[in-house]
1. Report D for the stretch A:69-228 in µm² per second (integer): Stokes-Einstein, Kirkwood Rh on Cα pairs, 20 °C, 1.002 mPa s.
2. Which value, in debye to the nearest 20, describes the size of the charge dipole of the stretch A:224-332 about its Cα centre when Lys and Arg Cβ atoms bear +1, Asp and Glu Cβ atoms bear -1, and nothing else is charged?
3. With each run of n ≥ 4 DSSP H residues scored as -39500 (n - 2.57), what mean residue ellipticity at 222 nm is computed for the protein assembly as shown after dividing by its residue count and rounding to the nearest 500 deg cm²/dmol?
4. Can you list the lysines whose alpha carbon is less than 25 Å from that of B:Lys111, not counting same-chain residues fewer than 8 positions off?
5. Using per-residue counts of other Cβ atoms within 10 Å, averaged over each peptide, order A:138-146, B:245-253 from highest down.
6. Between rounded, prolate and oblate, where does chain B land on the alpha carbon gyration tensor, with a ≥ b ≥ c its root eigenvalues, rounded for a/c under 1.5, else prolate if a/b exceeds b/c?
7. Residue by residue through B:155-167, how many Cβ atoms from other chains fall within 10 Å of the Cβ on average?
8. For a quick protection proxy, order the peptides C:118-130, C:139-151 by their average other-Cβ count within 10 Å, most packed first.
Amino acid sequence: MASAPPDVFDRQRTLVRRRSSNNSAPDASATPARRVRRSPLSWVRGGGLSTLIFLAPMLVVFGVFSWYPIVRAVVMSLQETNLATAAQWVGLQNFRHVLDDPLLGTAVRNTLYFTFLALVFGYPIPLVMAVLMSEVRKWRGLYSALAYLPVVVPPVVAVLLWKFFYDGSPTGVFNTVAGWFGLGPYPWLQSESTAMPSLVLEATWAAAGGTVIIYLAALLSVPPELYDAASVDGASTWRKVWHVTMPQLRGIMLITLILQLIGTAQVFLEPYLFTGGGPSNSTLTVLLLIYNYAFGNSLGGDYGAATALSVMLAGALAILSAVYFRLTRSWSTS
Amino acid sequence: MIFSSSDRRRRTVRYGLGTTHSILLALLIVIGLGPILWLAKAAITPTQDTLRQPMAFWPHGMDWGNLTTAWDTMLLGHVIMNTIWLAAGSWVSQIVVATTAGYALSVLKPKYGPILNGLVLGTLLVPTVVLLVPLYLTILHPPGWGHSLLNSFWAVWLPAGANAFNILLIKRFFDNLPREIFEAARVDGAGPFRLFWTIVLPMSRPILGVVSVFAIIASWKDFLWPLLVLPDPGKQPLSVRLPTLAGSVELDILLAGLLIATLIPIALFLLVQRLFLRGASLGGALKG
Amino acid sequence: MKTSRVLAAALTGVLAVGLTACSSSSKKKSSDKGGDVTLSVVSLKPGSEKAAFDTFNAQIKQFEAQNPHIKLQPKEYEWKATTFAAQLAGGTLPTVFTIPFTDGKSLIERQQVADLNKQFQTLPYASQFNPTVIGAGKGANGDVYGLPTAAYGVGLQYNRTLFKQAGLDPDSPPTTWDEIRADAKQIADKTGQAGYAEMTQNATGGWMLTTLTYALGGRMESDDGKTATVNNPQTKAALQKLHDMRWDDKAMGSNFLYDWGSINQAFAAGKIGMYMGGSDVYTSLVQQNKIKPDDYGLAALPLDSSSSGSGILGGGTLAVVSTKASEAQKDAAVKWIDFYYMHKLTTQDGAQLDAKTLAAGKQPVGTPALPIFNKGLLDKYNGWISSYVNVPLPQMKSFTDGVFSQKLVSEPAAHTQELYTALDPVVQAVLTNKGANIDSLLDKANGDIQNILNRG
């Protein structure tokens, strides 16, 4: 666990290095809890109790609101329960039920489609913008602020606003603008083929600013000597971008890619508020399906199916997360 | 910088860059600011004008009354207070849990520390979605506590504290603090509590700022969880209340309400812009 | 929860001593300090106007004045398929809440609402309910669990102003589906608004498809609720009608993702010429959407006279009580139901007080409803309140004249909401995809619904 990313901690770290050359080496004066415990009294005196007091908030909060529900999720995925009567063990029946549900295929396909579109829209554009912005000398703050502004708009407000923008009539906001260029009117949310791209467009607008800022930070930390060296070698601008900038960004690009995959696999707000999964299930995502299993039926949810699908989704995401952790570790230590 | 200072002295580069940057700025204004400016315009435009000519500027005059009507009919003052309360409580909960746990794991280092650390980091691998149903049921019947937490702000505050990412950040930061200072303090007779309060906390201001920004943004954005655990309209934050009201309130009033709900975070953003952007660049790089 | 149960038990004890000998509660922790029963009740839908809330609060005061031992806690509430389950599981529903007829049977069967039979039998009008209507609130054992408080039949809502603008006569709304189609096209062509619109989201798509199927004489399930029949010829014809209005006539506007709330909102904003909706929707159009009364028109839904099975879909609202309620709370709950929902329908004083209070708060009085007792009592009721009526009744004449000669068909009996939900995507597909294959969509939906029915 060497350290967090550059930039923020740099100052702190140099400070640390100056003062202590080997803070990670085993300390002779040892922290109290490392001593051999003999009796409860010496344990208290040795600081065992105060350590526990400091750990208490975390133990309680994680115990009740994280560890316990995680275990419960696994248990519930193997049970049938309606909360009114006692739960029954049903083995893998919930999983079979979910896998048999024709909607699962639709939801998985839609989620992958959302992810794919989000990458097509949301991956290259911020990168290009960040590269361009990194060359700005005056008022770079203004550029960053403008790019980041949509991220600050509360997501629910953004969705409700865009829902109005997407009005399918010729006098809708986007259709009016499209009309200036002789285009449209487009159905936007009101067609099976355009609903999903419309959702992704809004999601990209709402999130791209954050990605731009991450890239920008990485770009600005590229050592200028690298560019100078390339210039001395007579490299063209394009070659500099390709051979200096890109390799420096490779790590962070992979990381944003995986973060985006993990984030989009859990997309809920947009389909829930824009289309309710419609038209005709064309925007039904996996998370929306989980929600519908658990809370969609007015007569009580199928919590078994909901948790079973959650567990399966978690399995898929855990693989992605594991990859992500490997990458961040190798990246932050490099 | 891809272009060195000597590059920039060349005319073609200078003009090329200048043009590119002007186009970029124009694009950023249209895309980043445009929708918000449109919202500001529509918020003071009568409904029928917005419906018939959405891109026209006040064909039949402005209607400033929308803003006060929205404030009154949607009870925005109350709803915004709920939102602020939720954010403040989530912030406190996250800071308390993360600093105490980070301190215990990084500085006090109990023997079982690595196990706890593993258990905490392990939760990062579990997407929040998985917890939706069991956590909801836990809120209904918290173990060892007879009361349902439903419709109580605690139902949002406490789960917010179970954030492994914060602990990871803070522990890493504490790991890098100079041990000599702790030793010196111990020699001076400072116990673990004084060490925490007078030395470690004051030194960790930068990381606390970053965690705070994350906590507040996350709380402001949260939708699904408060939707589930705060069914009482009197308790709901903006993110839950606005979609409910969108189904009944007249369009111009709704848009005025949306504008008010947007201006607050934007003002906050402009006020502490640097902290936001720094947090964003760090957060994106790490957050799972 | 523990303390509230103890509290409830204590209150029960006190009341049992103080009032009558209904000491069915086991624990009598009588503390002798005041015998107040607290009861949370449904107030209005979220986002209703302030005047509507003021009026409601006035009624709360009246009740509390008559029943000094009962404290009421009003809660905003709107029954929604998507949120009800969470509220039910979470125990956040008011003690007395309302549900649609369609959910009554299942909730009773699952013991999720309280048995009110004892309290119900004390009501003077207990035996006068329309048998089919009270049937919706009865359990398999014949006990009454839910009291019907309102019944509606689906009618054709239309915008008189758009009719005028399109050159149609607002006083003679369409009486056949061919006329609806022609008028819808004319409205769309002349005004640019949707001539006809349809709900499609949150189970309303299936609800309205069922309504249209009934109007053409089809059924969605066999009578015993064991066999799905949604791929019947009438449903196919219904979808074909929608398809033609949408794609050939382009008469359905540009929004095909309406649910109950958003279609009302769009209608009140003048964006819709006609749509199908419950006969009682005017109240909500006023309270939530501020519709201009002059715009509003309500006509009887045209039925296919060539089919003997054709009828209008009817449903209604049941007032039910949480299973957590103590006997004392159940007593108080039925008193409240009697006062707020029933008194105004059954007694002249109650009807007039209610109408007067509502009218004073400028809330709608006289919205058409179907009888929950019998037509005679409904006519009497309409006479009692006639001087307070403030809704444009003449604009609803076509409905009120026609509806009583129409056959009323109740909603599909088994897994109603699931059936509706499974049909939403079918309706959406027909309206958003020109090439949608109605036959195969319905066959697939029928299979899915059959699977649901098979699970029992």
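Laboratory data are not the source of any read-out in this text; all were calculated from the coordinates shown. Source: prediction; values computed, not measured. A quick note on method: Cβ atoms are made from the backbone with ideal geometry, for glycine too, and the neighbour counts reach across all protein chains shown.
1. Details: Rh = 19.8 Å.
Answer from the Stokes-Einstein relation: 108 µm²/s.
2. So the magnitude is around 200 debye.
3. The helix contribution divided over the protein assembly as shown gives -17500 deg cm²/dmol.
4. Straight-line reach from B:Lys111, under 25 Å: B:Lys171.
5. Descending mean neighbour count gives B:245-253, A:138-146.
6. Numbers: a/c = 2.58, a/b = 1.29, b/c = 2.00.
It comes out oblate by the Cα gyration axes.
7. Working: counts 1, 0, 1, 5, 5, 2, 7, 10, 3, 3, 0, 0, 2.
Per residue, the average neighbour count from other chains is 3.
8. Order by mean packing, descending: C:139-151, C:118-130.
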